[in-house]
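The values are calculated or read from the model by the stated rules, or taken from the named source; none is laboratory data. Since this is a predicted model, take the numbers as computed values, not measurements. Cβ sites come from the backbone with ideal geometry, for glycine too, and all protein chains shown count toward neighbours.
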Amino acid sequence: MNKKGVVEHITNWLNNYCDESKMQGFVVGISGGIDSALTSTLCALTGKKTILVTMPIRQTKSEYDRAKLHIEDLLNRFEHVEALEINLTDTFSLLEQTLPDSSQNDHLTMANVRSRLRMTTLYAIAQPNKCLVAGTGNKIEDFGVGFFTKYGDGGVDLSPIADLTKTQVRQLAEELNVIKSICEAAPTDGLWEDGRTDEDQIGASYPELEWAMDFNGNKSDLSERQSEVLSIYTRLNRLNQHKMNPIPVCKIPLDLF
């Protein structure tokens, strides 16, 4: 991969899209993970206003600390970068108490609620600042296994890194001097109080999923682990098509009008 060329291409694309939209910059939610770190760095490299937002909800200390370190790094490197912290813990707790027990007791439901609260917050910041919400999803998450929350972290204006695999994200992050602790951290979506990783939830690592996404060989030649990974990828890809495809519209036959 021509890392310098890819960085230049993405920053030019961001600049052009922002100019054509008549907007002034970008808002990025910072999780302490490598995807948001790379996205925010790319946005900062455009020279346009870049607002970094942390939105802790009962966050683990390691995730929170990495996010703060990354923000401090970008604030030191770029004059046009701003930072906000919006603690959503109390908001989430109040909503949690208001919802019916069936929602409160479903851990995945409440994890998705966290993500949707953050999306709402990012747009509440972006609109008055005439900024675009930049998505932080990579290719495997957005188009492989659908590992994102519909209308949560999937609710964005544009996706700068969605054509990059996790391996390529890591390569670009290192190229752009993203802090070491983020580059070395195990990927996590930050939606669980126990700090579980993406691999814990999915059952496969990102390199394994990248292999499965590109696989077009003979299944009979696969090892037991490869067969398992391919099965995980295929199942999640099928189940999450509703996230990756446009919303279905019921078309009315003309003779009914």
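Suppose the filter is within 20 Å of residue 149 (Cα to Cα) and among the hydroxyl-bearing types (Ser, Thr, Tyr); does residue 115 pass it? Criteria met by residue 115. Check whether at least one residue in the range 18-34 is among the polar types (S, T, N, Q), in contact with a strand residue (DSSP E or B) (Cβ under 6 Å, 6 or more places away or on another chain) and over 14 Å from residue 137 (Cβ atoms), and report yes or no. Taking every residue of the range 18-34 in turn, at least one turns out to be among the polar types (S, T, N, Q), in contact with a strand residue (DSSP E or B) (Cβ under 6 Å, 6 or more places away or on another chain) and over 14 Å from residue 137 (Cβ atoms). Residues considered: 106, 157. Of these, the only one that is surrounded by fewer than 21 Cβ atoms within 10 Å (Cβ to Cβ), farther than 19 Å from residue 39 by Cα and not small (Gly, Ala, Ser) is 106. Filtering the range 233-257 down to residues that are hydrophobic (A, V, I, L, M, F, W, C) and free of Cβ contacts under 8 Å to residues at least 40 places away in the same chain, which residue is nearest to residue 141 (Cα to Cα)? Result: 247. The residue of the range 46-72 that is surrounded by the most Cβ atoms within 10 Å (Cβ to Cβ), among those that are in contact (Cβ under 8 Å) with a residue 40 or more places away in the chain, among the aliphatic types (A, V, I, L, M) and assigned to a helix (DSSP H, G or I), is 71.
The residues of the range 33-60 that are on the phi > 0 side of the Ramachandran plot and at pLDDT 95 or above amount to a single one, 47.
Of all residues in the range 215-245, how many are within 30 Å of residue 149 (Cβ to Cβ), in a helix (DSSP H, G or I) and not small (Gly, Ala, Ser)? The total comes to 17.
Take residue 214 and tell me if it is closer than 20 Å to residue 110 by Cα and either acidic (Asp, Glu) or in contact with a helix residue (DSSP H, G or I) (Cβ under 9 Å, 6 or more places away or on another chain) (or both).
Details: closer than 20 Å to residue 110 by Cα: no; either acidic (Asp, Glu) or in contact with a helix residue (DSSP H, G or I) (Cβ under 9 Å, 6 or more places away or on another chain) (or both): yes.
No; evaluated as a whole, the condition is false for this residue.
For the range 195-224, a tally of residues being touching a residue at least 12 places away in the same chain (Cβ under 8 Å) and of a type outside the set (A, V, I, L, M) returns 11.
Only one residue in 187, 248 is touching a helix residue (DSSP H, G or I) at 6+ places or on another chain (Cβ under 8 Å), part of a loop (DSSP other than H, G, I, E, B) and modelled with pLDDT under 95. Which one? Walk me through it before giving the result.
On the way: 248 fails: touching a helix residue (DSSP H, G or I) at 6+ places or on another chain (Cβ under 8 Å).
Among 187, 248, only 187 is touching a helix residue (DSSP H, G or I) at 6+ places or on another chain (Cβ under 8 Å), part of a loop (DSSP other than H, G, I, E, B) and modelled with pLDDT under 95.
Just one of the numbered conditions (1) in contact (Cβ under 8 Å) with a residue 40 or more places away in the chain; (2) of a type in the set (A, V, I, L, M); (3) closer than 21 Å to residue 181 by Cα is not true of residue 84: (3). Among the residues of this structure, residue 54 counts as one that is touching a Lys or Arg at 6+ places or on another chain (Cβ under 9 Å) and not aromatic (Phe, Trp, Tyr). When restricted to residues that are over 18 Å from residue 183 (Cα atoms) and either within 20 Å of the chain's Cα centre (by Cα) or among the aromatic types (Phe, Trp, Tyr) (or both), the range 57-80 contains 4.
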